[in-house]
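Here's the structure we're looking at; comments come further down.
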Amino acid sequence: LLVQVPTTTSRPRTYVWPRLVRSALRSSFAAEVPRAVQKLDGELSDWFHARGEHIHALRHALSADDLERARLSVEQGWLTLLAVDRSGLDEFFRRMTPEELSRSRKLRAVRELAVPPDGDPAARPGPRAVLGRTELELIGRSTDPRAALDEGLLALLSLRRFGDPGQARELAARLTSIASAARGTRSEQLGDLLCPVFKEAGVLHLAAGDTH
C-alpha cells in the first residue's frame, strides 16, 4: 500500500501511505482516542507557528478547538491569512465571542479587513477598529521595528479601506521611514513586512497623483 513520493530532503524519495489510507487511519484514530488527536493538533499548531507557517498553525489550532493558539496565529500571521486563507479567518472569528473580540483592537481591525467590501456591515463586531491619531503617533516611537511595522501596516490598510487617505499617507511616511532605517540591519527579521509596507505606501502615493 505504500507509495513513493518526491522529497526535499537529501534522500531522493520517501514512502508514505496514500491519501485515502491516511484519511481512513486518521478517522479511525480520532474515533478511538479523540483527546490524543486534539493534543496532537495543538502540538502541530505550535510546531507550524514556530516556523512561521501561520495557515497550518491556525488550521491545527482550530482542529484542536484551542482559541488561544488560534489567536496567536491570527495576531502574528494576519497579513498572510488575509491574502491566502480567508476561510480560516472566518472560522476563527465565528468561534470568538463579542466579549473576547472587544479585548483586542488588533483582532477587531483584522476582522473588519476580513469582511469583503460588499459584505454585510452588520457582520462587523462593534465599532470600527481604526487606530486613533494618538495611537498612530505612538507607532513611530516603538522600540521594536517589527511591532511598529506590523501594527502600522494593519492600521494603514484599515485607514485606506475606510476612507481616510490623508491620515493613511501620514502613517505611510512614518512606516517607510522605519522600514528604510531597519532594512539594512534587521532585514532577516523584517523581510516579510518590508515589501508590503513599501507596496502600500506606493499605492497611496499613486492614488494621490504623486509619481515621484
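Quick rundown of the values:
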quantity: Formal net charge of residues neighbouring Ser45 (Cβ-Cβ distance under 12 Å; K, R +1; D, E -1); calculated: -2
quantity: Contour minus Cα-Cα distance for Glu99 and Asp65 (0.36 nm per residue); calculated: 10.4 nm
quantity: Theoretical FRET efficiency, 1/(1+(r/R0)^6), r = Cβ-Cβ of Glu91 and Phe198, R0 35 Å, to 0.05; calculated: 0.65
quantity: Whole-Hz ³J(HN,Hα) from phi, Karplus 6.51 cos²θ - 1.76 cosθ + 1.60, for the stretch 105-114, glycine and proline x; calculated: 4, 5, 5, 5, 5, 5, 4, 5, 6, 6
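Since every read-out is calculated from the coordinates, none of them should be taken as a lab result. All figures in this text were calculated on a predicted structure; none of them were measured in a lab. Every residue, glycine as well, gets a Cβ built from its backbone with ideal geometry; the counts of neighbours run over all protein chains shown.
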